[in-house]
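Take a look at the structure set out below.
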Amino acid sequence: MNIKIFRFSIPFRSNLIINNIDLENRQGIIVSVSCMGQTGFGEASPLESFSKETLSDVLWALEGLIVAVDNCSIGEARELAKLHLSSAPSAAFAFDTALYDLEAKINNKALRYFINAEALEYISVNALIDEDLSLSNKTFKVKLSEKNIFSLVEKIEVMCGKIKNDSKLRIDFNGGLDLSRSIRLVKEIKHLKDKIEYLEQPLFNDQFCIEDTSELRLHSDIPIALDETASSFESIQKIVNYNAADAVIIKPMQCGFFSEIFSIKRLLDDSGIKIIFSSMYDGPVAFQASLNLASALQIDSCCGYDTIKLFKDKNLFAVKINNGLIEMNSDIGLGIDLNYIKEYVFHD
């Protein structure tokens, strides 16, 4: 088994401000794993303020693993990865993606079909409210940072009036409200409940968030979704235990190994909680991995894969969104040709 690590840096169309951090490029690491005449690829691109590990942490963890898995089988490498990468979820996701991509190629199957023979052919995608509202998307999303309740209510009423009668609105507060404001807001917009799919992460992601969101749900006729709070199996188990969400947004790279993501899906299905996959401004390899997982796990809710338009060259992602749908390709493995992104990949 031969493992290599490469750095990449892919420019955004314009600088992106994420939690007061100014990003010009999306940076990360691509892992390649070669065995039996095939090569699998994975991506680790932790994001400051979202991920618990840094890019340096990822490099350190992967370099330790490379020494450990020398001359190992795929199965042995996966077991050793659990020891070396458990504290760096994006590294775990990258290495597991590379192994699954490799196994799928060895078996001459698309990655999604290697996982599940009944994988979905299409993935639904939400659109942003600032896009053309004549789009065929059934779900639109908006991020609101306003804290004044009267202003919020006014803006939400205007946006609900803009979308079609058969469309729904997702409203993301990025943790900008406290519990008392959130309770007041849900009462003020109760009349719009038929137009709103859910309110996303209304409360700040701190140690009280899950308990307070559970309290908020008792006052709300509008579903509540959690995003930043749902970053691991343990956090999602607590969300379930407290009955704190109607929907959970999963960013696969934050969750780590595929087995962890499979367990999360089973837990949420058993609990009757809607699951939505979303991108963490992923690069092309992680984006395709997330897309293949959404297909394999039959995620039929609209997913947050509209981030590709934020990149200078969205063709790097090898997907097209038409009428709110991504059609999965039938190429073996991840279905991405790294030759398309080679100009953005470099050695340290």
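The values are calculated or read from the model by the stated rules, or taken from the named source; none is laboratory data. On a predicted model such as this, the values are computed, not experimentally measured, just so you know. Every residue, glycine as well, gets a Cβ built from its backbone with ideal geometry; the counts of neighbours run over all protein chains shown.
Observations on the model:
- The stretch 124-168: number of residues that are part of a strand (DSSP E or B) and either buried (at least 19 other Cβ atoms within 10 Å of the Cβ) or modelled with pLDDT of 95 or more (or both): 7
- The stretch 289-324: number of residues that are closer than 22 Å to Lys168 by Cα and either aromatic (Phe, Trp, Tyr) or assigned by TED's automatic domain parsing to the domain that holds Val31 (or both): 1
- Check on Phe150, without any contact (Cβ under 8 Å) to a residue 24 or more places away in the chain, assigned by TED's automatic domain parsing to the domain that holds Thr307 and farther than 21 Å from Val240 by Cβ: yes
- Some residue of the stretch 127-141 being among the polar types (S, T, N, Q), within 21 Å of the chain's Cα centre (by Cα) and not assigned by TED's automatic domain parsing to the domain that holds Thr307: no
- Looking across the stretch 319-339, the residues that are part of a loop (DSSP other than H, G, I, E, B) and either among the charged types (D, E, K, R) or touching a Gly at 6+ places or on another chain (Cβ under 7 Å) (or both) come down to Lys320, Asn329, Asp331, Asp337.
- For the stretch 300-314, the set of residues classified as out of contact with any strand residue (DSSP E or B) (no Cβ under 7 Å at 6 or more places or on another chain) and of a type in the set (Lys, Arg) consists of Lys309, Lys314, listed by residue number.
- Annotation: Thr139 fulfils all but one of (1) among the hydroxyl-bearing types (Ser, Thr, Tyr); (2) in contact (Cβ under 8 Å) with a residue 24 or more places away in the chain; (3) over 22 Å from Asn165 (Cβ atoms); the unmet one is (3).
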